[in-house]
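Comments concern the structure below.
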Amino acid sequence: RANGIEVNLVMHFDNIQTIKEAVALGWGISILPARTMQAEIEQGRLVAVRLDAPELVRPVRIVHRKRKKFNRAAQAFLGLLEDSCQ
């Protein structure tokens with residue numbers, strides 16, 4: 001929208017493999033991490049287009065087992081991650 005482009009989202013998948021299959025079937029296009037499509041590109045099922053775009057950001061989360069007790073090294077690592085994201 002910032003560049004005057006309106007995206008018409010008609011499908012939503014929560015699985016990269018499903019997205020790749022939909023694109024291979026001609027159902028649309030997608031932006032995916034380059035390393036996740038290497039096999040399909042080598043097989044000739046998909047074609048990658050290099051984007052000349054501002055840095056793309058993907059939201060990520062730290063996940064862990066519920067009520068997990070972390071040792072000091074893990075606590076320090078989590079602290080570093082939290083500090084680097086602020």
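Derivation of every value follows stated rules applied to the coordinates shown; laboratory data play no part. Just so we're clear, the structure is a prediction, and the values are computed from it rather than from any experiment. Here Cβ is always computed from backbone atoms with ideal geometry, including for glycine, and neighbour counts include all displayed protein chains.
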Mind jotting down the three principal axis lengths of the chain based on Cα atoms? Whole angstrom, largest first. 49, 33, 24
Quick one: what are the phi-derived ³J(HN,Hα) couplings along the range 5-10, Karplus 6.51/-1.76/1.60 with θ = phi - 60°, whole Hz, x for glycine and proline? 10, 9, 9, 9, 7, 10
Value of [θ]222 nm, deg cm²/dmol, for the chain, DSSP H segments ≥ 4, -39500 (n - 2.57) each, nearest 500: -9000 deg cm²/dmol
List Ile31, Ile5 from most exposed to least, where exposure is judged by having the fewest other Cβ atoms within 10 Å. Ile5, Ile31
For Asp52 and Asn8, compute 0.36 nm times the residue count separating them, minus their Cα-Cα distance, and round to one decimal in nm. 13.7 nm
I'd like the FRET efficiency for Leu78 and Ile41, computed as 1/(1 + (r/R0)^6) with the beta carbon distance as r and R0 of 35 Å, rounded to 0.05. 0.45
Nearest-0.05 FRET efficiency for His64 and Ser30, computed from C-beta distance (R0 30 Å): 0.55
Could you size up the charge dipole of the chain around its Cα centre, putting +1 on the beta carbon of Lys and Arg and -1 on that of Asp and Glu, and report it in debye to the nearest 20? 740 debye
Each residue of the range 47-54 in turn: what ³J(HN,Hα) in whole Hz from Karplus with 6.51, -1.76, 1.60 and θ = phi - 60°, glycine and Pro shown as x? 10, 9, 10, 5, 8, 9, 9, x
With θ set to phi - 60° and the Karplus curve 6.51 cos²θ - 1.76 cosθ + 1.60, what are the ³J(HN,Hα) couplings of the range 73-82 in order, to the nearest whole Hz, using x for Gly and Pro? 5, 5, 4, 5, 4, 4, x, 4, 4, 4
